[in-house]
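Student: Below are the structure tokens for one structure; questions will follow.
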Amino acid sequence: MQITVKRALGTLAVVAVVAVAGIDAAGSASGSDARAKLTLIAPAAAGGGWDLVARESQQALRSDGIVNNAQVVNVPGAGGTIGLSQLENLTGQSTTVMVTGTVMLGGIAINDSDITLQDTVPIAKMAEDFEVFVVPRDSPYQNLEDFIAAWRANPGGLPIGGGSLGGIDHIVSGQLAQQVDIDPAAINYIAFSGGGEVLTSLLSNTVGIAVSGYNDFRDQIESGNVRALAVAAPEPVDGIDTPTFKELGYDVDLVNWRGFVAPPGISDTDRQTLIEIVTEMQETEQWDTAIERNRWKPSFVTGDDFGDFLEIEQTRITDILRELGLV
């Protein structure tokens, strides 16, 4: 099978080098601790879901004085595995955490990464996010059935924009293809390094349809510049006036969870401090507001329980990718 895929790299290498320098500087501060200064790695470009989680967390940590100085560093690329490799290089540094989620599990599998989330220290699973398929307002596809009809007629001729290869955007595209009797390996999936780039590609008509987290498109949906066709969720989501794939008759409901992991080699005491920090954060009014504003679903799990979840979830996502013929 031939997988038709294009990569949108942009200035990835330069951005990664600059970002890594910022991480090293943060981690090397003499006498620092996570309560004094905490770096949040968003392993994707600005404007996407991981970046949003990092920046919402930054605001909650700052506004409630949980951390004196919280900074966000973007390290995009390869489904988050570039950020993951940089995190591993910070062994023993307890002043850095990285946002992670379903996308990274797919990136690990499709890039055959030597480093996995089992090489990190699990801190907490925070919330669940939901994928949505959107088209420009002048698109001929008025609803999901219109798109599917055109897609069936020419699977490789309709470019679909989304995040990293093997990530949740890619997976739900493959799941929908499978549901409508299209070979998932034959779809023309164009991968970008963040939700902001996906949106730009859609509005510039580089792609005819795009898939990403709802919040990557929220403002454009509400302003009417793009039209949402369907949302991938087990049940209707409060605040999202778009039918689910299940409501439309398609078994596509993979959820994109968000969480934090820390570098390997940190002490049990430092790990507990980080767990306490995110626990306090998710109890703040600022975080509650972020949950409501971004249409997230809280799913707070910490420590070893989160670690067990990560192990099971990695197996599940890898199996899905194999079933779809993407690895």
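The values are calculated or read from the model by the stated rules, or taken from the named source; none is laboratory data. Treat the numbers as computed from the prediction; the structure is a model and nothing was measured. Using ideal geometry, Cβ is built from the backbone for each residue, glycine included, and neighbour counts are taken over all protein chains shown. Keep in mind that these areas ignore ligands, DNA and RNA; they rest on the heavy atoms of the full protein, side chains included. Shrake-Rupley method; radii C 1.70, N 1.55, O 1.52, S 1.80 Å.
Student: Go through (1) in contact with a Pro (Cβ under 8 Å, 6 or more places away or on another chain); (2) exposed (fewer than 15 other Cβ atoms within 10 Å of the Cβ) and name the single condition Gly303 misses.
Tutor: Exception for Gly303: condition (2).
Student: Within segment 199-317, considering only strands (runs of 3 or more DSSP E) that don't extend past its boundaries, which have at least 3 residues that are among the small types (Gly, Ala, Ser)?
Tutor: 209-213, 226-232
Student: Still on this structure: Within segment 225-247, does at least one residue satisfy the condition of being touching a residue at least 24 places away in the same chain (Cβ under 8 Å), under 20 Å from Gly48 (Cα atoms) and open to solvent by 60 Å² or more (accessible area, probe 1.4 Å)?
Tutor: No - not one qualifying residue is present in segment 225-247.
Student: Could you look through segment 111-125, keep only residues that are of a type outside the set (D, E, K, R) and open to solvent by 50 Å² or more (accessible area, probe 1.4 Å), and pick out the one that is nearest to Thr315 (Cα to Cα)?
Tutor: In the first step, residues of segment 111-125 are kept if they are of a type outside the set (D, E, K, R); the result is 111, 113, 115-118, 120-124.
Still in the list and also open to solvent by 50 Å² or more (accessible area, probe 1.4 Å): 111, 118.
Numbers: Asn111: 15, Gln118: 12 Å.
Among those that are of a type outside the set (D, E, K, R) and open to solvent by 50 Å² or more (accessible area, probe 1.4 Å), it is Gln118.
Student: Restricting attention to segment 58-99, which residues are open to solvent by less than 10 Å² (accessible area, probe 1.4 Å) and in a helix (DSSP H, G or I)?
Tutor: Residues satisfying the conditions are Ala60, Leu61, Gly79, Gly80, Gly83, Leu84, Leu87.
Student: Condition first: open to solvent by 10 Å² or more (accessible area, probe 1.4 Å) and touching a helix residue (DSSP H, G or I) at 6+ places or on another chain (Cβ under 8 Å). Now tell me which residues in segment 170-181 satisfy that.
Tutor: Gln175, Gln178, Asp181
Student: Quick check: is even one residue across segment 210-223 among the β-branched types (Val, Ile, Thr), closer than 19 Å to Ser139 by Cα and open to solvent by 20 Å² or more (accessible area, probe 1.4 Å)?
Tutor: yes
Student: For segment 100-121, which residues satisfy the criterion of being free of Cβ contacts under 8 Å to residues at least 12 places away in the same chain and not in a loop (DSSP other than H, G, I, E, B)?
Tutor: Correct list: empty.
Student: Six or more apart or on different chains, Cβ under 6 Å: which pairs go from a residue in segment 270-297 that's in contact (Cβ under 8 Å) with a residue 40 or more places away in the chain and of a type in the set (A, V, I, L, M) to one that's in a helix (DSSP H, G or I) and buried (at least 20 other Cβ atoms within 10 Å of the Cβ)? Could you list them?
Tutor: Met281/Ala60; Met281/Leu61; Met281/Trp287; Ala290/Glu56
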